[in-house]
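Note sheet for the following structure.
The values are calculated or read from the model by the stated rules, or taken from the named source; none is laboratory data. The model shown is predicted, which means the values in this text are computed figures rather than measured ones. Here the Cβ positions follow ideal geometry from the backbone for every residue, glycine too, while neighbour counts run over all protein chains shown. Accessible surface is based on the protein model in full, side chains and every heavy atom, while ligands, DNA and RNA are left aside. Shrake-Rupley method; radii C 1.70, N 1.55, O 1.52, S 1.80 Å.
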Amino acid sequence: MTPIIDSRKLLAFTTLARVGSFTLAARELYITQSAVSHAIKSLEQELDCRLFDRLGRSVKLTRAGQQLHERAQKILTEMKIARADLAELPR
């Protein structure tokens, strides 16, 4: 069975894709730069493809990264909606 992608890794991935820097992504997520780097490295290993081209201190999505980014944004949006919907239910 193929493992499911961890939502924390998807969040690190989409944040890095948006801000273009490991340092800025770490700052926004309130985690270390090393944690962001580890999440991306682990995600790339799990998916067996490179998601970013590293350009000095910045990054750019590869073609595979662009494809995953579109889906990851939808997944994370659906997760937020699910949480909001559940929060509205009577307790």
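Structure data summary
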| quantity | calculated |
| --- | --- |
| Net charge of Cβ neighbours under 12 Å - reference S7; Lys, Arg +1; Asp, Glu -1 | +2 |
| Label-point separation in nm, T77 to R27, each point 7 Å along Cα→Cβ | 2.7 nm |
| Debye, to nearest 20: dipole size of the chain, +1 on Lys, Arg Cβ, -1 on Asp, Glu Cβ | 260 debye |
| Distance (nanometres) between label positions extended 7 Å along Cα→Cβ at A84 and H38 | 3.2 nm |
| Leading residue at positive end of dipole, the chain (Cβ point charges), from A35, M79, P90 | A35 |
| Cross-link reach list, lysines versus K74, counting only Cα pairs under 16 Å and skipping chain neighbours closer than eight places | K9 |
| Heavy-atom accessible surface of the chain: percent carbon and sulfur, 1.4 Å | 54 percent |
| Under-5 Å amide H pairs with T62, H placed in peptide plane, nonlocal only | F52, D53 |
| Folded to 0 to 90 degrees: helix 7-19 orientation relative to the chain principal axis, Cα | 60 degrees |
| The chain - convex hull of the alpha-carbon atoms, volume per residue in Å³ | 115 Å³ |
